[in-house]
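Quick notes on the structure that follows.
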Amino acid sequence: MASSLFLWLILEDIDYGDYEEPQKNCSVHETIKGGRVSYSNGGLEGSVLTYDCESGQYPYPFRRRVCNSNGEWSALVLPSGKGVSTATCKKMLCPGQLQLDYGEFRPRKQWFGVGETQTFSCKEGYALLGSALRNCTEWGHWTGTMPVCDDQSDDCRNPGAPPGSMRSGDRFRTGDKVTYRCQSDLDLLGSEVRECLPVREWSGTDPRCQGKPHTFDLPATVAQALSSSLSAVMEVSSPDHKKQDPDYGRTVNIAIGRLNIFILIDTSGSISEKEFSKAKEATANLIRKLDSYEVEIKFHVISYASEPHEIVTIMDPRSSDGDFVVERLLEFKHGTKTGTNLYKALYSVYERLGLVKAQKGSHFNETQNVIIIETDGFSNMGGNSKYVLDLIRDLLGYKTDLQDNTAEELLDVYVFGIGENVKRKELKNIASVKTKERHLFVLSQYSDLGEKTKPCQGAILTENWVITAAHCLIKLNNPEPVNPKNVEIKHGKGKSVASLVILHPRFNVTGLKDKNISEFYDYDVALIKVSSKIKLTPATRPICLPCTKASNRALKLSPDSTCRRHAETFLIDLKETQAYFIRQGKSRRQTHIQTEEKRKNCIEKYKPPLESNKLVTLTDIITNRFFCSGGSETHKDDITCKGDSGGALFLRKGMRYFQVGIVSWGTEEICDSKTKSIRDSPKDARDFHISLFSIMPWLKEHLDKELEFLPM
């Protein structure tokens, strides 16, 4: 008889309590050869590890890693896909000039280290357009402009070849094409193929070769290029715009200035809350800038990760209120969604434009449309973003198979790639390609996204001339002067645009770089000529300039006075002289110019930073052209804020104010142009100002036609 076995399983509900897996933290003992490591949130999940290197170097293979849920930092992987165990600091290099038609360049090599130079010259009969000498900077960019040798015998100018590239095609007649390629490890941004157009211009965008993933566009360059392009958009949208010659510039008629601006912000999980805050603030600054134009603008702001979210829609009547749009944007919270679905975000723009077209009918094509895309990587969800842009182009009546979008007067697509994970080629296919404009920018971090301007002060000398500091008028990270058209002067209730910028010829901010002094401000003075006369009012008046006959009459001095006599009159006290400057563009503050024996004690306060540098002396940096202020023993002196540079250092004589110096730089930064509550000036804080008496011959050279100067 077979036996049977029965098993009775009694299951009891036993409360073991809530059990959670202990959180796995990432190591905070990572290293990089030649550099240092920092952590945003210790080793917690989501923490960002950042590698930093010395100036002129970059972390390889990349700068940042993220702590995963498994307690491991994201992998260190080379561009080839091979893993490495330790990051390394590598020297920043600039790609060399590889091609110069009808010219010579020395030395000939593929890569240059920081501080190295390359020189250029042209054969007889050819003019050198661009720089004769370029320096490799610590950002992997060259100073100056691309060299080109040209004899102006063709329909189009020789397009040249940017550093790191080779160009095929040596005929520059109408219809001829040229093609560019970059050497390995460089991405080609801009147009790969360009055609000489009947208007004697090259199609497309100037090409450039950019190192991956460690080289980025400089914020100042981005600001200038973006400002130039957007200004063209705004000019067309202005109700005062008149149709131009069809061969040049943007050529659309707008009865009423209207503009739709769609801003798409990547908020995928790869972007930290801190970076998202920076992105919002930078975007808010851009919105404020756009809102300042005399154009009717409607904003549409989209946050996108796996799904798009409308923060502000153009269907909202308040979308034309810049303050409202900024407020809604800054209120928007960072989400936790993953994925980057740019396709869906663009499709939502397409749907909105479809609704607008249905409402406006034949008036739809009276409104320009600008799409601004901000992303830290590449689209990893949804369909092809280019397909949606083609739908938008079709909606606007444009062809979708063109490599050049210059004819698309009603559509501009700007793309900002942020960080090391940017897929440049993918973003290049999305951005508009228009002659003499740039629509694709690659930046290191979100804080670089906002337009970088230098808030500076100045003083009106005549209806045509303004005086300021030279360092206010050079490009950030580049000692070259800015384009005058990008200089705006605000005065009283009006604005003026510069037509000419003149820096003192002896100003050289990098003049002591070989002695380990990164910034040098001797001769820090510049003149700005405005494009149209400044309308003088009680709120907009010229300041009195010493060493002129007008000042001499105001001082009631003898007609045969000299400039030296004026200097003695203003600085008669050999110890200290009461003076003033304007802080934050609105309030007059008191200080004292220290002269003679007191000047020596004044400048000594800058000495401690130089103790470790045996290559320079104190007077190498603070030359006799500088006034020193601050540190009065008997008076409470104020010091300047960041943003006060270029303003007047002035004295009061009777009821008149006389400018004797230009605010240049200081030893302490306790405030900037936006600081509301400013602490008391530290006792040892010092400000340095260029003495106008020391550069009076240069002022006379340029202003003699408008001001009568006294003999020296």
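The values are calculated or read from the model by the stated rules, or taken from the named source; none is laboratory data. Remember, predicted model here, so these are calculated numbers, not experimental data. Neighbour counts are summed over all protein chains in view; Cβ atoms, including those assigned to glycine, are modelled from backbone coordinates with ideal geometry.
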| Hey, Glu409 modelled with pLDDT of 85 or more, among the charged types (D, E, K, R) and part of a helix (DSSP H, G or I) or not | no
| query | Based on what the data block shows, is Leu188 within 15 Å of Met146 (Cβ to Cβ) and in the same structural domain as Trp142 (by TED's automatic domain parsing)? | reply | yes
| message | Suppose the filter is of a type in the set (D, E, K, R), touching a helix residue (DSSP H, G or I) at 6+ places or on another chain (Cβ under 8 Å) and at pLDDT 85 or above; does Arg328 pass it? | response | no
| task | Collect the residues in segment 643-659 that are under 23 Å from Asn508 (Cα atoms) and either of a type in the set (Lys, Arg) or surrounded by fewer than 24 Cβ atoms within 10 Å (Cβ to Cβ) (or both), keeping them in residue-number order. | result | Gly643
| field | Pro79, sole failed condition from (1) surrounded by 15 or more Cβ atoms within 10 Å (Cβ to Cβ); (2) within 20 Å of Cys209 (Cβ to Cβ); (3) in contact (Cβ under 8 Å) with a residue 24 or more places away in the chain | value | (1)
| In segment 545-584, which residues are of a type in the set (Gly, Ala, Ser) and out of contact with any Asp or Glu (no Cβ under 8 Å at 6 or more places or on another chain)? | Ser551, Ala554, Ser558, Ser561, Ala567, Ala579
| message | Among the listed residues Thr595, Thr667, Thr640, identify the single one that is in contact with a strand residue (DSSP E or B) (Cβ under 9 Å, 6 or more places away or on another chain), at pLDDT 80 or above and surrounded by 23 or more Cβ atoms within 10 Å (Cβ to Cβ). | response | Thr640
| message | Yes or no: segment 432-442 includes at least one residue that is assigned to a loop (DSSP other than H, G, I, E, B) and either outside the structural domain of Leu391 (by TED's automatic domain parsing) or aliphatic (A, V, I, L, M) (or both). | response | yes
| remark: Counting only residues that are at pLDDT below 80 and farther than 13 Å from Gly322 by Cβ, segment 271-293 contains a total of 6
| field | Filter pass, Val415 being at pLDDT 90 or above and either surrounded by 23 or more Cβ atoms within 10 Å (Cβ to Cβ) or assigned by TED's automatic domain parsing to the domain that holds Asn508 (or both) | value | yes
| said: If I filter segment 604-637 down to residues being modelled with pLDDT of 90 or more and of a type in the set (Val, Ile, Thr), which single residue comes out as farthest from Glu568 (Cα to Cα)? | reply: Ile621
| query | How many of the residues making up segment 138-183 are under 28 Å from the mean Cα position of the chain (by Cα) and of a type in the set (Ser, Thr, Tyr)? | reply | 4
| query | Are any of the residues in segment 115-133 assigned to a strand (DSSP E or B), more than 30 Å from the chain's Cα centre (by Cα) and crowded, with 17+ Cβ neighbours inside 10 Å? | reply | yes
| request: Residues being without any contact (Cβ under 8 Å) to a residue 12 or more places away in the chain and either assigned to a loop (DSSP other than H, G, I, E, B) or loosely packed, with under 15 Cβ neighbours inside 10 Å (or both): count how many of those fall in segment 26-40. | output: 1
| If only one of Lys575, Lys556, Lys549 is farther than 30 Å from Pro481 by Cβ and touching a helix residue (DSSP H, G or I) at 6+ places or on another chain (Cβ under 6 Å), which one is it? | Lys575
| task | For residues that are part of a helix (DSSP H, G or I) and of a type in the set (Phe, Trp, Tyr), scanning just segment 685-712, find the one that is farthest from Ser551 (Cα to Cα). | result | Trp698
| message | Any residue at all in segment 485-496 that's surrounded by 20 or more Cβ atoms within 10 Å (Cβ to Cβ) and at pLDDT below 90? | response | yes
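This table checks each residue for (1) surrounded by 16 or more Cβ atoms within 10 Å (Cβ to Cβ); (2) at pLDDT 90 or above; (3) touching a Phe, Trp or Tyr at 6+ places or on another chain (Cβ under 9 Å).
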| residue | (1), (2), (3) |
| --- | --- |
| Arg318 | no, yes, yes |
| Tyr343 | yes, yes, yes |
| Leu353 | yes, yes, yes |
| Thr367 | yes, no, no |
| Asp376 | yes, no, yes |
